[in-house]
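Some notes on the structure that comes next.
The values are calculated or read from the model by the stated rules, or taken from the named source; none is laboratory data. A quick note: this is a predicted structure, and the numbers were derived from the prediction, not measured. Every residue, glycine among them, receives a Cβ derived from its backbone with ideal geometry; neighbour counts consider all protein chains shown.
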Amino acid sequence: MSQLTTGGAEFSELLVEVFRVNGLLLSAGDELSRPSGLTSARWQILGVIDHDPATVAQVARTMGLTRQTVQQTANALARDDMIVFQDNPRDRRARVMALTPRGRVALRQVERRQAVWANTVAARMAVTELRAATGTLRDLADLLDS
């Protein structure tokens, strides 16, 4: 069995913290989105297609999820009249998802609650620390994506 280097051990600790924070963020997202009839997963999809309709595969790539997971959530959003599937002028086989008026209202409600929550959380940390953490996570994502 291989031993972890000091760097490998630190990276492993980072992974544990990222997984823990991810769980906490999903819980917070569920709380923020619940009053609008959404979940974190539904909110994320609405956010991705807010400005530009996209296919299930495009949303899956953007969110780092499987196409099947996004498809299931998208189907539920369509049943709840939050999105519609429209013809895709670039590819007749892959329809695009677009927000309905009901979906847009729900998304805006969640965004207002999220802004208050984000401002409250951010007030407890230095902006420089937040920027450094964001930069580190972006660098890590780029490294893992290459």
Worksheet entry | Pair list, Cβ < 7 Å and 6+ apart or interchain, from the range 91-117 residues that are touching a residue at least 24 places away in the same chain (Cβ under 8 Å) and farther than 19 Å from G37 by Cβ to residues that are assigned to a helix (DSSP H, G or I) and of a type in the set (G, A, S) | A94/A57
Discussion item. Going residue by residue through the range 95-107, is there one that turns out to be over 28 Å from A141 (Cβ atoms), at pLDDT below 95 and surrounded by fewer than 18 Cβ atoms within 10 Å (Cβ to Cβ)?
Written reply: yes
Worksheet, complete the sentence: In the range 28-41, anything of a type outside the set (A, V, I, L, M) and over 23 Å from A141 (Cα atoms) is listed as D30, E31, S33, R34, P35, S36, G37, T39
Worksheet, complete the sentence: Of those in the range 65-85 that are over 15 Å from L46 (Cα atoms) and not β-branched (V, I, T), the residue surrounded by the most Cβ atoms within 10 Å (Cβ to Cβ) is R67
Discussion item. Can you pull out every residue in the range 58-86 that is among the β-branched types (V, I, T) and within 29 Å of D142 (Cβ to Cβ)?
Written reply: V59, T62, T66, T69, V70, T73
